[in-house]
Amino acid sequence: MKVGFIGLGRMGSGMARNLLRAGHDITVYNRTPERSQALAADGAKVAATVAQACRVDALITMLANDAAAEDVVLGPDGIVSHLQPGALHISSSTISVALARRLAEAHRANQQQFVSAPVFGRPDAAAAARLYILLAGDPAAREAAMPLLNVLGQRTFVVSDKPEAANLGKLSGNFLSASVIESLGEALALVSHGGLDPAAYIDFLTATMFGAPVYRTYGPLIAQRRFEPAAFAAGLGAKDIRLLLGAAQDLRVPMPLASLLNDRFLRLLASGGEHLDWSALGDLAARDAGGQPVAGPTPPIYSF
């Protein structure tokens, strides 16, 4: 299949490379041309403009935020203006519910197919084609998207005929992950100040009642304070919580914990943490407890 791919960050690059390996005819576009050239070495065609990337059967976007997605899709030289009638746009970006709805309406007006297919997983999962994908859109468009999504992830979950429902699901999932990061940080600050070894504590948690991937991923990062390089930057995590609160406001659903997380992210960003991994949110509790890093020496140490 002739496939366009726009947005070659750490997630998008791995996804596009997997499509190449699966034998698809891939045309890539990225605002930073150097990232496109890295895919060209693997056999991708490089588009000089968004319009050139739209000369395909299906186009996938993996963009950082609403502003980028709105410009690339709805701008004067954007996807909606250049994608052929009947062609498919798969939006894997984590964007607002409201923008996803607008994109669906714009594509419908131009007789183009559109699905939302945001993903769960960090860059290593994207590179290994081990993402989990939420899929929503018209059934015919979903069917057209599935062969490509099967290349990108280990499982795709169909959630609705309305594309924006997948974006709501993605934002809610990121809210839950951020909640785990905050609670892990608080628990680690407590036990480390009480003399427990953070690494042993995380081993105990993940070997017993808290063996879910979110704990196994973020527990060691917080305990060891490994926040660089960022697989998912704190600034993006903060953006997702803001988008979640916007959706909650529209739906009149109180989310007090999300409001707390918004304030915690603001504190992290205000202290210069925007480009750290979002798991650095879990280090704030240690700072609040007197500036002692979670993994710092706090004798005596009692191992489990």
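The values are calculated or read from the model by the stated rules, or taken from the named source; none is laboratory data. Here the structure is a predicted model, which is why all the values come from computation and not from measurement. Note that we place each Cβ from the backbone using ideal geometry, even for glycine, and neighbour counts take in every protein chain shown.
Looking only at the stretch 281-304, decide whether some residue is among the basic types (Lys, Arg) and at pLDDT 95 or above. Walk me through how you get there before you give the answer.
Taking the stretch 281-304 as the starting set, the residues that turn out to be among the basic types (Lys, Arg) are 287.
Then keep just the ones that are at pLDDT 95 or above; that gives none.
No, the conditions are met nowhere in the stretch 281-304.
Considering only residues of the stretch 1-28 that are assigned to a strand (DSSP E or B) and within 19 Å of the chain's Cα centre (by Cα), which is farthest from Leu148 (Cα to Cα)? Even if it seems obvious, please write down each step before you answer.
At the first step, the residues of the stretch 1-28 found to be assigned to a strand (DSSP E or B) are 2-6, 25-28.
Next, from what is left, pick out any that are within 19 Å of the chain's Cα centre (by Cα): 5-6.
On the way: Phe5: 12, Ile6: 15 Å.
If we take residues in the stretch 1-28 being assigned to a strand (DSSP E or B) and within 19 Å of the chain's Cα centre (by Cα), then Ile6 is farthest from Leu148 (Cα to Cα).
Kindly indicate the residue of the stretch 104-145 that is surrounded by fewer than 16 Cβ atoms within 10 Å (Cβ to Cβ) and among the aliphatic types (A, V, I, L, M) and also farthest from Glu70 (Cα to Cα) among those meeting that condition.
By that ranking, first place goes to Ala128.
Scan the stretch 243-257 and give yes if some residue there is closer than 24 Å to Leu190 by Cα and either modelled with pLDDT under 95 or not in a loop (DSSP other than H, G, I, E, B) (or both), otherwise no. Even if it seems obvious, please write down each step before you answer.
In the first step, residues of the stretch 243-257 are kept if they are closer than 24 Å to Leu190 by Cα; the result is 256-257.
In the following step, the residues that additionally are either modelled with pLDDT under 95 or not in a loop (DSSP other than H, G, I, E, B) (or both) were identified as 256-257.
Scanning the stretch 243-257, I find at least one residue that is closer than 24 Å to Leu190 by Cα and either modelled with pLDDT under 95 or not in a loop (DSSP other than H, G, I, E, B) (or both), so the answer is yes.
Cys54 versus (1) of a type in the set (A, V, I, L, M, F, W, C); (2) at pLDDT below 95; (3) surrounded by 15 or more Cβ atoms within 10 Å (Cβ to Cβ): which is the lone unmet condition?
Failing condition for Cys54: (2).
Among Leu149, Leu190, which is surrounded by fewer than 22 Cβ atoms within 10 Å (Cβ to Cβ) and within 23 Å of Leu261 (Cα to Cα)? Break it down stepwise before answering.
Working: Leu149 fails: within 23 Å of Leu261 (Cα to Cα).
Residue meeting the stated conditions: Leu190.
For a quick check of your reading: which strands (runs of 3 or more DSSP E) sit entirely within the stretch 102-198 and have at least 2 residues that are polar (S, T, N, Q) and outside the structural domain of Phe265 (by TED's automatic domain parsing)?
On the way: elements: 113-116, 131-137, 153-160.
Strands (runs of 3 or more DSSP E) meeting the threshold: 113-116, 153-160.
Name the one entry in Val214, Val191 that is of a type in the set (Val, Ile, Thr), within 18 Å of the chain's Cα centre (by Cα) and at pLDDT 95 or above. Full working, then the answer.
Working: Val191 fails: within 18 Å of the chain's Cα centre (by Cα).
Testing whether each residue is of a type in the set (Val, Ile, Thr), within 18 Å of the chain's Cα centre (by Cα) and at pLDDT 95 or above leaves just Val214.
Confirm whether Arg55 is in contact with a Gly (Cβ under 8 Å, 6 or more places away or on another chain), in a loop (DSSP other than H, G, I, E, B), in contact (Cβ under 8 Å) with a residue 24 or more places away in the chain and among the basic types (Lys, Arg). Before the answer, list the steps.
Working: in contact with a Gly (Cβ under 8 Å, 6 or more places away or on another chain): yes; in a loop (DSSP other than H, G, I, E, B): yes; in contact (Cβ under 8 Å) with a residue 24 or more places away in the chain: yes; among the basic types (Lys, Arg): yes.
Against the criterion (in contact with a Gly (Cβ under 8 Å, 6 or more places away or on another chain), in a loop (DSSP other than H, G, I, E, B), in contact (Cβ under 8 Å) with a residue 24 or more places away in the chain and among the basic types (Lys, Arg)), Arg55 qualifies.
How many residues does the stretch 242-283 hold that are farther than 18 Å from Val180 by Cα and touching a strand residue (DSSP E or B) at 6+ places or on another chain (Cβ under 8 Å)?
Filtering the stretch 242-283 for residues farther than 18 Å from Val180 by Cα gives 243, 246-254, 269-275.
If we keep only those that are touching a strand residue (DSSP E or B) at 6+ places or on another chain (Cβ under 8 Å) as well, we get 274-275.
Adding up the residues that qualify gives 2.
Tell me which residues, restricted to the stretch 163-186, are out of contact with any helix residue (DSSP H, G or I) (no Cβ under 6 Å at 6 or more places or on another chain), without any contact (Cβ under 8 Å) to a residue 60 or more places away in the chain and either more than 29 Å from Met146 (Cα to Cα) or among the basic types (Lys, Arg) (or both).
Ser183
Looking only at the stretch 203-221, decide whether some residue is closer than 24 Å to His275 by Cα and either in contact with a Cys (Cβ under 8 Å, 6 or more places away or on another chain) or surrounded by 22 or more Cβ atoms within 10 Å (Cβ to Cβ) (or both).
Of the stretch 203-221, the ones closer than 24 Å to His275 by Cα are 213-221.
Subsequent filtering for residues that are either in contact with a Cys (Cβ under 8 Å, 6 or more places away or on another chain) or surrounded by 22 or more Cβ atoms within 10 Å (Cβ to Cβ) (or both) retains 218-219.
Within the stretch 203-221, one or more residues are closer than 24 Å to His275 by Cα and either in contact with a Cys (Cβ under 8 Å, 6 or more places away or on another chain) or surrounded by 22 or more Cβ atoms within 10 Å (Cβ to Cβ) (or both).
Being under 22 Å from Ala126 (Cβ atoms) and touching a helix residue (DSSP H, G or I) at 6+ places or on another chain (Cβ under 6 Å) is the filter here, so list the residues in the stretch 190-219 that pass it.
Pass one, the stretch 190-219, residues under 22 Å from Ala126 (Cβ atoms): 212-219.
Once the filter is applied, which keeps residues that are under 22 Å from Ala126 (Cβ atoms) and touching a helix residue (DSSP H, G or I) at 6+ places or on another chain (Cβ under 6 Å), the stretch 190-219 yields Val214, Tyr215, Arg216, Tyr218, Gly219.
Across the stretch 201-232, what is the total count of residues that are touching a residue at least 40 places away in the same chain (Cβ under 8 Å) and not in a helix (DSSP H, G or I)? Break it down stepwise before answering.
At the first step, the residues of the stretch 201-232 found to be touching a residue at least 40 places away in the same chain (Cβ under 8 Å) are 201, 203-204, 217-218, 221-232.
With not in a helix (DSSP H, G or I) added as a condition, the list becomes 225-232.
Final tally of qualifying residues: 8.
Here's the yes/no breakdown for (1) crowded, with 22+ Cβ neighbours inside 10 Å; (2) assigned by TED's automatic domain parsing to the domain that holds Phe232; (3) under 21 Å from His82 (Cβ atoms):
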residue: Met11; (1), (2), (3): yes, no, no
residue: Ala16; (1), (2), (3): yes, no, yes
residue: Asn30; (1), (2), (3): yes, no, yes
residue: Pro33; (1), (2), (3): no, no, yes
residue: Ala38; (1), (2), (3): no, no, no
residue: Gly43; (1), (2), (3): no, no, no
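Has the stretch 95-111 got any residue that is under 14 Å from the mean Cα position of the chain (by Cα), under 21 Å from Gly7 (Cα atoms) and touching a residue at least 60 places away in the same chain (Cβ under 8 Å)? Explain how you work it out, then say what you get.
Taking the stretch 95-111 and keeping what is under 14 Å from the mean Cα position of the chain (by Cα), we get 95-96.
From what's left, under 21 Å from Gly7 (Cα atoms): 95-96.
Remaining after also requiring touching a residue at least 60 places away in the same chain (Cβ under 8 Å): 95-96.
Scanning the stretch 95-111, I find at least one residue that is under 14 Å from the mean Cα position of the chain (by Cα), under 21 Å from Gly7 (Cα atoms) and touching a residue at least 60 places away in the same chain (Cβ under 8 Å), so the answer is yes.
Residues in the stretch 92-103: is at least one within 17 Å of Tyr29 (Cα to Cα) and crowded, with 21+ Cβ neighbours inside 10 Å? Give the derivation first.
First, the residues of the stretch 92-103 that are within 17 Å of Tyr29 (Cα to Cα): 92-93.
Applying the additional criterion that residues be crowded, with 21+ Cβ neighbours inside 10 Å yields 92-93.
For the stretch 92-103, residues within 17 Å of Tyr29 (Cα to Cα) and crowded, with 21+ Cβ neighbours inside 10 Å: present.
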